[in-house]
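Inspection log for the structure reproduced underneath, given as structure tokens.
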Amino acid sequence: MEEIIADEIKPKKPSWLRVKLPIGEEYKQVRNLVTTHKLHTICESGNCPNMGECWGEGTATFMILGNICTRSCGFCAVATGRPLPVDWDEPQRVAEAIHLMKVKHAVITSVDRDELKDGGAEFWHTTIKAVRTLNPQTTLETLIPDFKAQKENIQRIIDAAPEVVSHNIETVERLTRTVRIQAKYWRSMETLQILKQGGMRTKSGIMLGLGETKEEVVQTMTDLRDNGVDIITIGQYLQPTPRHLKVQRFITPPEFAELRDIGYNLGLDYVESGPLVRSSYHSDRQVIPGEGRKKWLLEQEQKKQTFS
């Protein structure tokens with residue numbers, strides 16, 4: 001996984017990054033629900049390549065606290081600026097939409113709201129509780145900001161007790177200042193560590209193709225493991241608009257497969273690694289401890305039998 005590609009050379013998007021156009025009745029139903037309830041989804045705001053697949057299965061990742069972020073990360077398509085006032089009716093609308101969609105597993109994320117004293121922690125707590133009340137059988141993943149690693153705010157998420165709490169490291173330590181301008185690598189690690197100490201099943205995601213080396217990716221995976229992370233997702237960065245960071249290289253499917261093996265060998269419980277993987281991709285499969293590792297061990301045993 002080499003670092004160097006000159007800025008003036010634009011790598012050609014390979015065939016393995018082609019995605020199906022969103023179609024089908026389930027997709028239309030989810031879009032109608034999102035529009036009717038005036039909800040925001042990271043699927044749309046983040047230009048997710050899996051939107052057709054996930055919405056076609058009747059699932060979506062809801063984005064709370066509006067759709068304007070106070071941070072300006074170099075990779076993210078979500079709008080940056082001064083957010084609108086907090087809409088305290090939103091938690092109930094999200095809960096009702098999840099109920100109408102009849103999903104067994106839901107994902108909720110948010111923009112960063114650094115202008116709020118608690119970073120939106122109380123709003124997060126209220127939203128999780130509203131979803132729980134109306135959807136007691138629905139498992140829940142929350143993809144949260146770093147809350148500047150302030151324990152009292154992170155504790156509000158822990159108190160609400162979602163099945164999985166995710167916070168994305170996004171890139172390697174060396175590139176963090178460029179990729180996540182207002183974020184800090186070790187502050188994110190501290191956030192994840194606080195969540196683990198609070199008893200949460202924790203998760204993080206990494207994007208590739210921004211100029212990192214293989215050694216740096218493995219070190220990041222090791223750092224995540226050392227800070228108690230259970231689940232890691234690894235996917236290809238795709239430039240959302242010309243003003244965002246350029247793709248330096250497209251990582252091949254065999255390289256993603258190798259990183260998956262490395263992750264399991266490091267002792268991680270679940271590793272989702274592939275070109276089109278995004279942080280909430282297949283998140284319903286990641287709730288149960290041991291399921292990912294069990295599947296991987298079975299694959300390794302089958303490989304041994306094939307070559308024996």
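The values are calculated or read from the model by the stated rules, or taken from the named source; none is laboratory data. As the structure is a computational prediction, the values presented were derived from the model and not from experiment. Neighbour counts run over all protein chains shown; Cβ positions are idealised from the backbone, glycine included.
Summary table below
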{"quantity": "Number of the condition not met by H282 [criteria: (1) without any contact (Cβ under 8 Å) to a residue 24 or more places away in the chain; (2) over 14 Å from the mean Cα position of the chain (by Cα)]", "calculated": "(2)"}
{"quantity": "Condition met for T222 (among the hydroxyl-bearing types (S, T, Y), closer than 17 Å to G267 by Cα and free of Cβ contacts under 8 Å to residues at least 60 places away in the same chain)", "calculated": "yes"}
{"quantity": "Residue ranges of strands (runs of 3 or more DSSP E) in region 198-308 with at least 3 members closer than 22 Å to E173 by Cβ and not β-branched (V, I, T)", "calculated": "201-208"}
{"quantity": "Residue within region 109-116 that is among the hydrophobic types (A, V, I, L, M, F, W, C) and touching a Gly at 6+ places or on another chain (Cβ under 9 Å) present", "calculated": "yes"}
{"quantity": "Residue in region 171-179 that is touching a strand residue (DSSP E or B) at 6+ places or on another chain (Cβ under 7 Å) and under 20 Å from G199 (Cα atoms) present", "calculated": "no"}
{"quantity": "Failed criterion for S273 (all others in (1) out of contact with any Phe, Trp or Tyr (no Cβ under 6 Å at 6 or more places or on another chain); (2) modelled with pLDDT of 95 or more; (3) of a type in the set (S, T, Y) hold)", "calculated": "(1)"}
{"quantity": "Test: residue in region 242-260 that is aromatic (F, W, Y), over 22 Å from V78 (Cβ atoms) and out of contact with any strand residue (DSSP E or B) (no Cβ under 9 Å at 6 or more places or on another chain)", "calculated": "no"}
{"quantity": "First in region 239-253 and over 18 Å from I181 (Cα atoms), second anywhere and of a type in the set (D, E) and assigned to a loop (DSSP other than H, G, I, E, B), Cβ under 9 Å, 6 or more apart", "calculated": "Q248/E3; Q248/D7; Q248/E212; R249/E2; R249/E3"}
{"quantity": "Some residue of region 138-158 being surrounded by 23 or more Cβ atoms within 10 Å (Cβ to Cβ), closer than 17 Å to C69 by Cβ, aromatic (F, W, Y) and in contact (Cβ under 8 Å) with a residue 60 or more places away in the chain", "calculated": "no"}
{"quantity": "Counted residues, region 162-184 - those being in contact with a helix residue (DSSP H, G or I) (Cβ under 8 Å, 6 or more places away or on another chain), over 18 Å from G209 (Cβ atoms) and surrounded by fewer than 19 Cβ atoms within 10 Å (Cβ to Cβ)", "calculated": "1"}
